[in-house]
Amino acid sequence: MSARAPDRMQIMTELVNETEVSLLECKVCFEKYSQKKKHRPRNLPCGHVICLECVFSLAHPRNFRLECPFCRRACKSSETSDCLPLLHLIEILSPATNIPLASGTTTGVGDEAAVSASLGLTFNLSFGGWGTLINPTGIAMCRRSDCVVVAHDGKKRIKLFGLSGSCMQEFGERGDAGNDIKYPLDVTVTLDGHVVVTDSGDHSVKVFDFNGRGKLIIREYFCLPWGLDTTPENEIILSDPEAGALCRLTANFRKGELKKVQKIQSNLCHPREVAVSQTNGIIAVIEHLTAKGPNYSSTSVKIFSADMKLIGQMDSFGLNLVFPSKIYATALAFNREGHIIVADAYNQVVLCLGKPEEFPILRPIITQGLSYPVALTYTANNSLIVLDSGDHSIKIYTAS
């Protein structure tokens, strides 16, 4: 048997070499595919595969259209997508030269390697599903109790789950009573453990304790309250897409006393999702730019300092220059290190845009298993929680 070992090794070596030549080489420039951006394999709509650099080279500089060099079918660069089977094959055949997305170690160098190490994620758990959750819209984490709070369209609008998936509490029936919620859009949890919900049914913001008792209802200040998040000072940052504004809400939540509602940013284009960094108070917001036709509209991510100075922005067109597949941002969050994390429902992925001072350094961190991600949040130990409205579930990815 030992005499055959060198023969088998030679056969395996030849097979790997043939695979690299036949499958792992761009047939336009004849460069080897890699996981790095320049030579990542990209699927064309016709089914042929070329590298990302060739996509850019073949695309028209004005309308970004290109023809497949093999079958001549026309497409746009934004219609291309990562060829995941080839990327996985590259990872298997070259483990020493690639950086697995779900790995806590890295063999790369520079900023990209550091980002990969800090963002290493492993799928851990999924719970919910149709019936337990119905068309969920918002999610938040109560770090005091390690409890996940979800807004959805069920009989009880707010559900509280433990990190194991067990339902701990639910409240907020649809109706007109004080503790009722008609159509919840988003939810956050204050630092003192109160649940704050935006209700599009009566254009209000409603505050509850963890037992579902109503503490405060705020109506007259908003056209359509939508996204919201809690600041390190225990204030609420809230978006109003119809008014094109961001507001800061200050209250004594324990006593149910409203102190002030202040408009802190205006002239935004349909701002919806909003996130606040718990480290430095930096605010990120997604604008939804109007578009004609049935296609996904364009989105823009804007970053503001805690005192509302614009420090960065990037729209779908600009992101397409970095990541040629069309990006439709539907949720965002900050992780513990301050990276901006964005969910992209169009490509069914979660992306890292880097820290505000690096923005945007675009890197996919979840590329499989998502249907329509609509909300993101982080646990105290830096695990990412994704609310997937496509299959009505909550998915937890643990930091490696």
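The values are calculated or read from the model by the stated rules, or taken from the named source; none is laboratory data. Being a predicted model, the structure only gives us computed values, none of them experimental. Note that each Cβ is placed from the backbone with ideal geometry, even for glycine, and that neighbours are counted across all protein chains shown. For the accessible areas, the whole protein counts, side chains as well, though only heavy atoms, and no ligand, DNA or RNA atoms are used. Shrake-Rupley method; radii C 1.70, N 1.55, O 1.52, S 1.80 Å.
Taking residues in the stretch 352-363 that are basic (K, R), and partners anywhere that are at pLDDT 75 or above, the pairs with Cβ atoms closer than 6 Å and at least 6 places apart or on different chains are K355/G338; K355/H339; R363/C352. Among the conditions (1) open to solvent by 30 Å² or more (accessible area, probe 1.4 Å); (2) assigned to a loop (DSSP other than H, G, I, E, B), T398 misses just one, which is (2).
Which residues, taken from the stretch 344-374, are closer than 23 Å to V189 by Cβ and open to solvent by less than 10 Å² (accessible area, probe 1.4 Å)?
Here is the first cut: in the stretch 344-374, the ones closer than 23 Å to V189 by Cβ are 350, 373-374.
Residues satisfying the conditions are V350, P373.
Among the residues of the stretch 178-197, the one identified as part of a strand (DSSP E or B) and of a type in the set (S, T, N, Q) is T188.
In summary, strands (runs of 3 or more DSSP E) completely within the stretch 234-312 and bearing 1 or more residues that are over 19 Å from D199 (Cα atoms), open to solvent by 20 Å² or more (accessible area, probe 1.4 Å) and at pLDDT 95 or above occur at 245-252, 257-265. Scanning the stretch 270-284 for residues that are at positive phi and touching a residue at least 40 places away in the same chain (Cβ under 8 Å) yields one hit, G281.
To keep it simple, each residue is scored yes or no on (1) open to solvent by less than 90 Å² (accessible area, probe 1.4 Å); (2) under 24 Å from the mean Cα position of the chain (by Cα); (3) closer than 18 Å to V349 by Cα; (4) β-branched (V, I, T).
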residue	(1), (2), (3), (4)
L24	yes, no, no, no
C29	yes, no, no, no
Y33	yes, no, no, no
N43	yes, yes, yes, no
N63	yes, no, no, no
F70	no, no, no, no
A74	yes, no, no, no
T80	yes, yes, yes, yes
C83	yes, yes, yes, no
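Within the stretch 207-216, identify whether any single residue is in contact with a Cys (Cβ under 9 Å, 6 or more places away or on another chain), surrounded by fewer than 16 Cβ atoms within 10 Å (Cβ to Cβ) and closer than 28 Å to N381 by Cα, and answer yes or no. No.
The set of residues in the stretch 215-244 that are over 22 Å from the mean Cα position of the chain (by Cα) and among the aliphatic types (A, V, I, L, M) comprises L216, I217, I218, L224, A243.
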